[in-house]
Structure formats: C-alpha cells, structure tokens
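Since the structure comes first, as structure tokens, the remarks are kept for the end.
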Amino acid sequence: MTDTHQIFATPFVIDTLQSEEGIAMLRAAIEEEMARDAKGLSISNLGGWHSNTRMLEWGGEAAKALVYKAMTMADAQTQDAKSPQESRFGWIPELWANVSRKGHANQYHTHPGSYWSVVAYVDDGFNGDDDRELGGELQLLDPRAPMTQMAAPDLRMLDAAGQPIPSEVSVRPRTGMVVMFPSWLQHAVRPFYGEGTRISIAINLTAALKRVE
C-alpha cells in the first residue's frame with residue numbers, strides 16, 4: 001500500500017484585532033499622515049496610497065500595540081534551534097500603511113531581508129458586501145509552482161485529501177483580520193472594486209540577535 005506524506009508546509013497565520021477603539025485610532029493616524037503626505041510612495045502598489053515605512057513613529061500607541069501583537073504572533077510560530085526554551089533572537093519591526101480605492105491593486109512581490117510579514121486590515125472596504133466580484137483578495141503564490149508547471153503546465157499534484165494542489169491561494173480580507181506569513185512568500189492583491197476604502201497596515205519583522213547585557 002502506498003504511503004504518501006505531505007512535507008514542507010508553508011505557515012499562514014490568521015488572527016483578529018479585538019479592539020474597535022484601537023482600529024479607529026489606527027485609521028485616524030493613517031488619515032492624518034495621508035493628509036500630510038498625499039503623494040506617498042510607489043513600490044508594489046498599482047494606484048492607491050503607500051505611506052513611508054516610519055509608521056512606528058507617527059502611528060501612536062495603537063501602532064505600537066499592533067507591532068507588539070505581530071511580534072507575539074511571530075514568537076509563537078518560531079523556535080531558536082540552538083536555544084529552544086528562550087530564543088536568542090528578537091524582532092526589528094518596520095511598518096507602513098496602504099490605502100486603496102476602486103481599481104487599485106498590488107503586484108506580486110516579496111520582502112527580502114525580513115523573516116515574517118504581517119498584514120492588518122483596518123477596513124476591508126467591502127462595506128459589508130459579500131460579492132466575490134469585488135476582488136481585492138490577498139493572493140499567495142506557491143513558490144514551487146513555476147518549476148512543476150514549466151515541465152507540464154496542465155498537471156497538478158494532489159494534496160493529503162486527494163485534491164489538486166493550487167498554485168495560487170486567495171484570501172478575502174475582513175476588517176480586523178491580521179495575517180502572517182514568511183517574508184519570502186510571493187504575494188499580491190487583486191484589483192479592488194469595492195465602493196469603500198481599503199485600509200491596511202503591513203509589517204516586516206527582521207530577526208536580530210538580542211543584545212547581551
């Protein structure tokens with residue numbers, strides 16, 4: 001009898017922001033910064049507004065609380081192989097805000113140099129509409145897919161349940177959702193067609209050895 005094992009899984013972690021007051025504070029800080037710097041940056045975003053990466057400075061206490069949550073999530077999903085009981089590593093955070101409206105998107109990209117990447121959704125922009133045609137999904141690309149599909153584009157390997165393994169996974173955001181994934185995982189955002197405004201915060205966590213006193 002054939003014994004099939006599924007190996008080399010890619011972690012994708014989902015959590016939730018519990019404080020409506022905290023979400024409102026994040027929104028207010030982002031709106032204030034967008035008014036101050038309307039141009040923003042152009043990196044992976046196709047349209048929309050991308051803040052500078054200094055949100056820890058201008059985001060207030062709510063931003064600090066969000067970073068603490070992200071680092072707590074990372075601690076729970078990471079182990080120091082040489083010091084399993086007490087990690088020798090800490091996290092250096094970098095965060096920024098993204099604001100998207102109808103037609104805006106983000107192209108596929110990774111976050112070189114970081115270990116974990118986190119996205120928190122302050123407002124999903126759907127205004128309660130469940131119509132899947134509104135797009136705006138977070139897209140995750142299987143990093144192995146190009147290699148397998150290059151040899152035989154129409155073939156799909158099967159997962160543990162006997163179903164074809166997709167080369168791309170879609171995650172529909174919701175207000176208050178927080179997701180975390182390895183920074184090497186290619187990700188994008190499909191064009192967003194909601195009537196509202198999508199507001200999200202991206203966080204990169206870089207691993208660094210703790211200073212020994």
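Just so you know, all these numbers are worked out from the coordinates, no wet-lab data involved. Please read these numbers as outputs of a predicted model, since none were measured by experiment. Cβ coordinates were reconstructed from backbone atoms using ideal geometry, including for glycine residues, and neighbour counts include every protein chain displayed.
Over all other residues within a Cβ to Cβ distance under 14 Å of Glu195, the charged ones net out to -3, with Lys and Arg as +1 and Asp and Glu as -1. Summing charges over all other residues whose Cβ lies under 14 Å from the Cβ of Asp80, with Lys and Arg as +1 and Asp and Glu as -1, gives +1. Backbone N atoms of segment 172-213 closer than 16 Å to the 7 Å Cα→Cβ label point of Met34 belong to residues 175-176, 192-202.
Taking other C-beta atoms within 10 angstrom as a stand-in for reagent exposure, Phe12, Phe126, Phe192 fall in the order Phe12, Phe126, Phe192, fewest first. Taking other residues whose beta carbon is less than 11 angstrom from the beta carbon of Gly60, and scoring Lys, Arg as +1 and Asp, Glu as -1, yields -3. Sorted on the mean count of surrounding Cβ atoms within 10 Å across their residues, most packed first, peptides 145-152, 131-138, 174-181 read 174-181, 131-138, 145-152.
If you run the Gaussian network model on the chain, springs between alpha carbon atoms under 10 Å, then out of Tyr68, Tyr121, Tyr193 the most flexible one is Tyr68. By the count of neighbouring beta-carbon atoms within 10 Å, fewest first, Asp123, Asp37 end up ordered Asp37, Asp123.
Distance between the C-alpha centres of segment 1-76 and segment 140-213: 14 Å, rounded to the whole angstrom. Computed over the chain, the per-residue total of -39500 (n - 2.57) for DSSP H runs of n ≥ 4 gives a 222 nm mean residue ellipticity of -6500 deg cm²/dmol, rounded to 500. Return, ordered by residue number, the residues of segment 1-41 whose backbone nitrogen is under 15 Å from a label point located 7 Å along Cα→Cβ of Arg174. In segment 1-41, the label zone of Arg174 (backbone N under 15 Å from the point 7 Å along Cα→Cβ) covers 14-19. Distance between the 7 Å Cα→Cβ label points at Glu61 and Thr2: 5.9 nm.
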